[in-house]
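To start, the structure itself, in structure tokens.
The values are calculated or read from the model by the stated rules, or taken from the named source; none is laboratory data. Predicted model, so just to flag it, every value in this text is computed and none were measured. Counting neighbours? That spans all protein chains shown, and the Cβs are built from the backbone with ideal geometry, glycine included. Only protein heavy atoms, including side chains, enter the accessible area calculation; ligands, DNA and RNA are left aside. Shrake-Rupley method; radii C 1.70, N 1.55, O 1.52, S 1.80 Å.
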Amino acid sequence: METEELIRRCKSISLEEAEENKFSFKGKIKEKGIQVAAGCLIGKVLQTRGVNTEGLRIALTQVWQTRKEVKIENMGDNIFIFKFGDEVDKRRIIVGGSWHFNQALIVLKEPEGIREITAQLFTHTSFWAQIKNVPIMCMDEEICKGIGELIGRVEAVDTDRT
């Protein structure tokens, strides 16, 4: 096909207003999408310079030691999709954080809804904090939770009772 003919045909293509921006995300397509998302985490490396994807893959493979391979896809702006081959590995990684790469925090989360990966918010992550030299009279779960809430939301308290 000649270039002029191709240009003429492309110019003749148009969408009616009623046809624009329509895609039905339901039924089997929706189920498949939910299934794919369930095997993934999304994450952002919080640093200003770009992240070497291969370096990230090598480092996390060594640290995470998953049973099955984790595929890492770079979405730009230091945002990555982590595709897990095993649900147990995924759960262990999300619970076992916080994770770092090149001295930068990696915020990991479950994908939310069907919005673009780069539009997801990476504003919160969980940390494990140890409070040292707590007076004996304060070694109570409720008191420790109150102390922890001075930092932020408390997910769990371990008073190390035997």
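Every condition in (1) open to solvent by 40 Å² or more (accessible area, probe 1.4 Å); (2) in contact with a Phe, Trp or Tyr (Cβ under 9 Å, 6 or more places away or on another chain) holds for Val70 except the one numbered (1). The condition of being more than 27 Å from Arg49 (Cα to Cα) and surrounded by 10 or more Cβ atoms within 10 Å (Cβ to Cβ) holds for only one of Asp86, Asp77, that being Asp86.
Is at least one residue of segment 90-104 in contact (Cβ under 8 Å) with a residue 60 or more places away in the chain and under 25 Å from Thr48 (Cα atoms)? Steps first, answer last, please.
So the first thing to find is which residues in segment 90-104 are in contact (Cβ under 8 Å) with a residue 60 or more places away in the chain, and the list is none.
Scanning segment 90-104 turns up no residue that is in contact (Cβ under 8 Å) with a residue 60 or more places away in the chain and under 25 Å from Thr48 (Cα atoms).
Looking only at residues of segment 104-122 that are over 20 Å from Gly39 (Cβ atoms) and modelled with pLDDT of 85 or more, we find that the one that is least open to solvent (accessible area, probe 1.4 Å) is Ala104.
Every residue, every condition in (1) part of a loop (DSSP other than H, G, I, E, B); (2) open to solvent by less than 70 Å² (accessible area, probe 1.4 Å); (3) of a type in the set (Phe, Trp, Tyr), yes or no:
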{"residue": "Leu56", "(1), (2), (3)": "no, yes, no"}
{"residue": "Ile81", "(1), (2), (3)": "no, yes, no"}
{"residue": "Ile93", "(1), (2), (3)": "no, yes, no"}
{"residue": "His124", "(1), (2), (3)": "yes, no, no"}
{"residue": "Glu142", "(1), (2), (3)": "no, no, no"}
{"residue": "Ile151", "(1), (2), (3)": "yes, no, no"}
